[in-house]
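Worksheet for the structure shown next.
Computed from the coordinates by the stated procedures, all read-outs in this text should not be read as laboratory data. All of these numbers come straight from a predicted model, not from anything done at the bench. Cβ atoms come from the backbone with ideal geometry, glycine included; neighbour counts cover every protein chain shown.
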Amino acid sequence: MGLPVCASAERGRKMTETFSIQTGQVEDSIDITEQVRSLVERAGVERGLCQVMTLHSTAAIVVNETADPNIGVDVITALSAAVPKRNDWRHDLRDDNAHAHIKASILGPSELIPVSDGELLLGTWQGIWLFEFDGPRTRKVVVHVLAG
Ligand code: ZN
């Protein structure tokens, strides 16, 4: 788990921070809720929006239940069933990781989460996943909080 690698903040109005996460496997799911939550609290924004985005094209950010880590495993299993690793993908001629790009495209690179009373507004069972599809690697996550 890395420390923020860059930061800019105007406390109470907006904040942008980037932190790094080392994934552990070729395909992986990591709960990053607490890292994001602590950055939102530090931003001091009472009401607004928090965008969480990964800066990579073979990783994804998803809001879903993180209390059971098997949900992350099941999502990876479902995507692997839907997207075969070998399928004469054109990108494999160049980079050999087309399936990872496709899986990341299906889930998407970011989520937008309301901020209320200075905290992330998530459901009881909702958390924030980082999904890795071409690891293990060091992945950057940007957290942008804007008052409004
Ligand atoms: Zn590629």
Low-density loop cleavage sites - trypsin sites (Lys or Arg not before Pro) in the range 42-108, where at most 14 other Cβ are within 10 Å (DSSP)
K85, R86, R94
Helix 33-43 sits at what angle to the longest principal axis of the chain, using alpha carbons and giving 0 to 90 degrees rounded to 10?
30 degrees
In debye, nearest 20: dipole of the chain around its Cα centre with unit charges on the Cβ of K, R (+) and D, E (-)?
480 debye
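Contour minus end-to-end for R86 and Q25, with contour as 0.36 nm per residue of separation and end-to-end as the Cα-Cα distance?
Working: separation 61, 0.36 × 61 = 21.96 nm, distance 1.91 nm.
Computed gain between R86 and Q25 is 20.0 nm.
Give the residue list of chymotrypsin sites (Phe, Trp or Tyr not before Pro) in the range 70-139 that are DSSP loop and have at most 16 other beta-carbon atoms within 10 angstrom.
On the way: sites: W89, W125, W129, F131, F133; in loops: W89, W125, F133.
Qualifying residues, ordered by number: W125.
Write out the GluC sites (Glu not before Pro) in the range 1-102 meeting two conditions: DSSP loop, and at most 15 other Cβ atoms within 10 Å of their Cβ.
Values: sites: E10, E17, E27, E34, E41, E46, E65; in loops: E27, E46.
Passing both the DSSP loop test and the Cβ count: E46.
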So between D68 and Q126, what do we pick up on full extension, going 0.36 nm a residue minus the alpha carbon distance?
19.8 nm
Using all Cα-Cα distances in the range 84-148, what percent lands in each 10 angstrom bin from 0 up to the longest?
16, 38, 27, 15, 6, 0
What number, in percent, do you get for the relative contact order of the range 25-132 if the mean sequence gap of Cα pairs under 8 Å and at least 6 apart is divided by its residue count?
52 percent
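How big is D for the range 6-147, in µm² s⁻¹ as a whole number, if Stokes-Einstein is applied with the Kirkwood radius of its Cα pairs at 20 °C and 1.002 mPa s?
On the way: Rh = 15.6 Å.
Translational D for this selection: 137 µm²/s.
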Evaluate the distance, in nm, between pseudo-label points positioned 7 Å from the Cα of Q51 and of L146 along their respective Cα→Cβ axes.
0.6 nm
What do you get for the angle between helix 70-82 and the principal long axis of the chain? Use alpha-carbon atoms, 0 to 90 degrees, nearest ten.
40 degrees
